[in-house]
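Undergrad: Below is the structure I would like to discuss, written out as structure tokens.
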Amino acid sequence: MLPEAYIVHQLPSRVRLRVNDMRNDDEFFDQAIEQLAGLDSLTNYYTNRAVGSIVLVYEDSSWAAVMQQLEELGLFTIVDPPARKNRPAIAPVLSNIRKLNQNIGQGLSLIHI
């Protein structure tokens, strides 16, 4: 069974894939680099073993052409990304405001007038 990869980020001529199960797997990434070097649809590529990501740059090709060549390599299977937790973007700000409020409240209780 091939490892699963999913698209993390995509632009018209660039895509970042994540292969979580292959993080820090030197053998997998050495093989991937060797095989990606032979793809004529890619103009460049970058890998990050620590996070399990592969960035593909394909300025003169379409994503469909790149995907077809990737499937022929048999390095991984591209799947839908995992479901993300719906966390409002403002959540970290609200958390910091709550902490600040607590600290201010504790500070005021220490002051005796």
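Undergrad: Percent relative contact order of the chain, based on C-alpha pairs within less than 8 angstrom and at least six residues apart?
TA: With pairs under 8 Å counted, the relative contact order is 28 percent.
Undergrad: Same structure, new question: Cα atoms only, the range 16-62: Rg and Dmax in Å?
TA: Reported Rg and Dmax, both Å: 10.7, 31.
Undergrad: While we're on this one: Give me the Å³ per residue figure for the convex hull around the C-alpha atoms of the range 1-106.
TA: Residue-normalised Cα hull volume stands at 143 Å³.
Undergrad: Would you work out if the range 42-101 is rounded, prolate or oblate? Take a ≥ b ≥ c from the square roots of the eigenvalues of the alpha-carbon gyration tensor; rounded if a/c is under 1.5, else prolate when a/b is larger than b/c, oblate otherwise.
TA: Details: a/c = 3.10, a/b = 2.77, b/c = 1.12.
Cα axes put the range 42-101 in the prolate bin.
We did not get these values from a lab; they are worked out from the coordinates using the rules stated. What you see is a predicted model; the values in this text were computed from it and never measured.
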